[in-house]
Ligand code: RB5
């Protein structure tokens, strides 16, 4: 996969973002860390907006993190080119790609283990959109 993968988090997702950054780097993927840079408190909408500014075409993915994954996914989904899916299982990650063509994965740094997060990320990045009837629905959003 040669697509660019942008990562962004607030402080609640910082630790898991770091884990996933090195996980993707080890796989020699084209990953860009947009911050935040520490566990010092920041506001997740700022990082959702920064990520949204980078996801302008069909060739890039984003992975966003906050404590629950909820706030940053709500904020990211305010941008029309973003389809962010908050996933807590491998199955949800799979469906978010197959049916929703999600281009951004949201994870809750305080709610899932590092191992599960890696499995979810792997599934998300390696599952294709099924198009067909799902494309019709997406075009109505
Ligand atoms: C920050 O404490 C926390 O509210 C944030 O990371 C996120 O969980 C919001 O949805």
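Any read-out appearing in this document is the output of simple, stated calculations on the displayed coordinates, not a laboratory observation. No experiment lies behind these values; they were computed from the predicted model shown. Cβ placement follows ideal geometry from the backbone for every residue including glycine, while neighbour counts extend to all protein chains displayed.
Check whether at least one residue in the range 50-67 is within 15 Å of the ligand (Cβ to nearest atom) and exposed (fewer than 15 other Cβ atoms within 10 Å of the Cβ), and report yes or no.
No - not one qualifying residue is present in the range 50-67.
Within the range 96-117, how many residues are part of a helix (DSSP H, G or I), buried (at least 17 other Cβ atoms within 10 Å of the Cβ) and either away from the ligand (no atom under 16 Å from the Cβ) or without any contact (Cβ under 8 Å) to a residue 60 or more places away in the chain (or both)?
2
Within the range 20-39, work out how many residues are under 16 Å from residue 124 (Cβ atoms) and more than 16 Å from the ligand (Cβ to nearest atom).
Counting residues in the range 20-39 that are under 16 Å from residue 124 (Cβ atoms) and more than 16 Å from the ligand (Cβ to nearest atom) gives 7.
Under 6 Å between Cβ atoms, at least 6 apart or on separate chains: pull out the pairs that start in the range 61-76 with a residue that is within 18 Å of residue 41 (Cβ to Cβ) and touching a residue at least 60 places away in the same chain (Cβ under 8 Å) and end on any residue that is assigned to a helix (DSSP H, G or I) and within 9 Å of the ligand (Cβ to nearest atom).
71/44; 72/44
Which one is farthest from the ligand (Cβ to nearest atom) among residues in the range 40-49 that are under 20 Å from residue 81 (Cβ atoms) and without any contact (Cβ under 8 Å) to a residue 40 or more places away in the chain?
Applying the filter and picking the extreme gives 49.
Can you find, within the range 2-11, the residue that is farthest from the chain's Cα centre (by Cα) among those that are surrounded by 24 or more Cβ atoms within 10 Å (Cβ to Cβ) and within 11 Å of the ligand (Cβ to nearest atom)?
So, considering only residues that are surrounded by 24 or more Cβ atoms within 10 Å (Cβ to Cβ) and within 11 Å of the ligand (Cβ to nearest atom), the one farthest from the chain's Cα centre (by Cα) is 10.
State all residues of the range 74-89 that are in a helix (DSSP H, G or I) and either away from the ligand (no atom under 13 Å from the Cβ) or within 11 Å of residue 8 (Cα to Cα) (or both); if no residue qualifies, say none.
Passing the criteria: only 76.
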